[in-house]
1. Looking at this structure, is residue 581 open to solvent by 60 Å² or more (accessible area, probe 1.4 Å) and of a type in the set (Lys, Arg)?
2. Can you pull out the residues in segment 560-576 that are aliphatic (A, V, I, L, M) and out of contact with any strand residue (DSSP E or B) (no Cβ under 8 Å at 6 or more places or on another chain)?
3. Scan segment 380-395 for residues that are assigned to a loop (DSSP other than H, G, I, E, B), open to solvent by 10 Å² or more (accessible area, probe 1.4 Å) and within 15 Å of residue 179 (Cβ to Cβ) and jot them down.
4. From the list 28, 23, exactly one residue is more than 27 Å from residue 289 (Cα to Cα) and under 25 Å from the mean Cα position of the chain (by Cα). Which is it?
5. Among the listed residues 44, 21, 17, identify the single one that is under 28 Å from residue 186 (Cα atoms), modelled with pLDDT of 95 or more and open to solvent by 80 Å² or more (accessible area, probe 1.4 Å).
6. Return the only residue of 540, 519, 500 being open to solvent by 40 Å² or more (accessible area, probe 1.4 Å) and of a type outside the set (Asp, Glu).
7. Just the residues that are of a type in the set (Val, Ile, Thr) and under 14 Å from residue 220 (Cβ atoms), please, taken from segment 64-98.
8. Can you run down the residue pairs with Cβ atoms below 7 Å, 6 or more apart or on separate chains, where the first is in segment 516-543 and within 21 Å of residue 203 (Cα to Cα) and the partner is among the basic types (Lys, Arg) and open to solvent by less than 70 Å² (accessible area, probe 1.4 Å)?
Amino acid sequence: AALTLLGGSVAAVVVWKWLGKKMILKKMEEARKTRDESLKKMAKAVQQFREQVPSVQTDAILSLPLLELAERLREGSLSPRTVLYTYLEKALEVNQQTNCLRHFIPECEEQLQEIQQQKEKGLLYGIPVSIKDHISHKGHLSTCGLVQCLDTLMKEDSVLVKVLKRQGAIPFAITNVPQSLFSYDCSNLIFGQTLNPFNHQKSPGGSSGGEGALIAGGGSILGIGSDIGGSIRLPSSFCGLCGLKPTAERLRWVLGGWTIVWHILLLNVDICSCPTPVSCALGPMARDVDSLALCMRALLCEEMFQLDPTVPPIPFNREVYCSSNPLRVGYYDTDGYFPLPPCMRRAVKETRSALQAAGHQLVPFSPPRIPYVMTELFLKTFFADGGRAWLDVFTGDIVDPSLKQQVSSCKIPRLVKKMLAVFLKPLQFLLHLKLKDVIIISTCRSVKEMWNHHHQIQAYRSEFITRWKELHLDVMLCPVLGPAFTTGYPGKLIGAISSTMLYNVLNFPAGVVPVSTVTEADEEELKLYQGCCDDPWDRTLKQAVSGAVGMPVAVQCVALPWQEELCLRFMKEVETLSREK
């Protein structure tokens with residue numbers, strides 16, 4: 001009888017799990033169907049426009065830089081309607097190749113009518129803008145690639161979208177993201193894998209990967225992403241774009257699906273009633289630095305400051321951005337934690353030489369204690385409870401293959417993790433092994449420990465700024481992860497983001513500028529790459545970036561907090577010198 005009862009219980013659990021999975025798959029299928037219908041509407045609207053206006057010079061419009069396009073729209077030599085439908089058509093084409101779109105925004109037609117009735121033309125008048133999935137737009141989902149977010153339509157636009165519209169921009173598309181956003185690939189089981197437009201074997205990066213693919217493919221001229229570990233800078237690096245992560249509080253944070261994920265992840269912090277130690281930053285992505293500067297200038301306006309009084313009322317300082325004074329530039333080509341491929345270090349060295357030749361002063365710099373920052377400060381912020389809260393994000397969902405390694409690590413029993421931590425942590429620092437998952441991360445077991453964790457982050461920021469000030473630096477030149485990984489590899493190398501993660505912990509503005517491409521010589525040199533000690537992670541990185549000849553190679557530019565204009569000015573200098581070369 002007991003065996004019969006046990007067998008019946010097991011059968012009931014199996015049936016219950018099967019039914020649950022079936023419901024999840026049905027929800028996913030319905031979401032895909034809704035997405036496909038929205039793209040069909042988009043294609044139909046483009047076709048109708050084509051029939052009405054058959055003589056549009058599509059290539060000429062798509063080739064215009066943002067500043068020139070904005071000027072043509074404001075003076076009236078191009079109509080917002082023509083520009084919008086030109087980009088809609090191109091976005092559909094890019095999506096067919098890369099699967100970068102999550103949804104079309106049909107309300108762009110209403111916004112088109114609205115801007116033509118405005119008394120004053122905003123700085124982004126008539127500019128089509130794409131936005132990342134979790135940035136809320138009224139009447140649309142904000143999914144974060146999660147099934148639990150498929151039921152709730154946003155009731156209002158986020159502050160950032162309101163300001164974009166006020167400045168005359170036309171949000172027209174919502175782009176794809178990785179499941180839970182906690183990945184620098186771009187894959188979820190609802191809407192699928194987004195591909196790099198330059199090489200479909202490669203990832204566009206993440207979590208703003210849909211933005212990266214769409215802009216790099218020519219289907220958008222300006223996009224808005226977000227960055228909490230490199231999510232603007234990594235897609236920009238992988239896709240050959242310019243991207244800026246501002247100081248987190250410089251722009252209004254997001255309303256949307258990410259709010260759910262963020263609150264779950266930082267449940268401990270909410271309990272402590274203290275500010276988040278590592279904040280999410282919103283920022284622009286585009287083809288050139290001038291586009292980023294125009295976007296920041298448009299967003300840092302009175303409308304932003306009125307809608308959200310917590311945003312410091314600091315307008316964009318054009319004088320700093322347009323300055324031509326020589327800069328004192330700190331630089332390094334490795335952080336001593338995760339040695340990057342030869343081409344990325346070459347990019348820093350060549351850029352350093354070009355800056356020096358242009359009259360800037362270059363000063364060697366060594367970022368302190370990066371292994372400590374990565375494990376004890378950055379990852380501990382998100383996995384303070386050993387990862388249990390992050391696992392809750394996947395309730396009623398199926399985990400994407402790209403995240404299975406991290407999820408499996410979080411599921412290891414706490415006692416086993418503690419034992420592994422005791423044995424492995426000394427090896428990590430003594431032998432420089434890159435033990436890149438949450439197995440060895442310390443947890444915060446009390447409110448006191450959480451406060452201490454926050455204090456450690458503040459202490460590290462003070463230490464870093466003191467070293468910066470002692471050298472009298474204006475800005476920093478350093479590497480960024482790249483070139484583009486083969487799809488599926490980002491999930492195996494979470495620790496490889498140390499180059500970008502550092503400036504989230506520090507909350508410094510940081511941007512990425514493409515300066516070169518991978519050469520045959522780089523590919524040959526990669527065969528000799530051994531990283532720190534030719535360990536499994538070094539070998540995995542080698543596999544991830546191989547076969548990338550012709551792919552973009554970028555550098556990272558950094559300034560002190562609240563100095564976005566100086567960061568952009570430095571990025572512009574790097575961009576100009578790389579184009580001259």
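1. So residue 581 fits the description; yes.
2. Matches in segment 560-576: 560 only.
3. If the condition is that a residue be assigned to a loop (DSSP other than H, G, I, E, B), open to solvent by 10 Å² or more (accessible area, probe 1.4 Å) and within 15 Å of residue 179 (Cβ to Cβ), then 394, 395 are the ones that fit.
4. Exactly one residue qualifies, and that residue is 28.
5. After applying the criteria, what remains is 44.
6. 519
7. If the condition is that a residue be of a type in the set (Val, Ile, Thr) and under 14 Å from residue 220 (Cβ atoms), then 83, 86, 94, 98 are the ones that fit.
8. Filtered contacts from segment 516-543: 522/346; 526/542; 537/434; 537/436.
The values are calculated or read from the model by the stated rules, or taken from the named source; none is laboratory data. Here the structure is a predicted model, which is why all the values come from computation and not from measurement. Because the Cβ atoms are built from the backbone with ideal geometry, glycine has one as well, and the counts that use them run over all protein chains shown. SASA here: full protein model, heavy atoms, side chains in, ligands and nucleic acids out. Shrake-Rupley method; radii C 1.70, N 1.55, O 1.52, S 1.80 Å.
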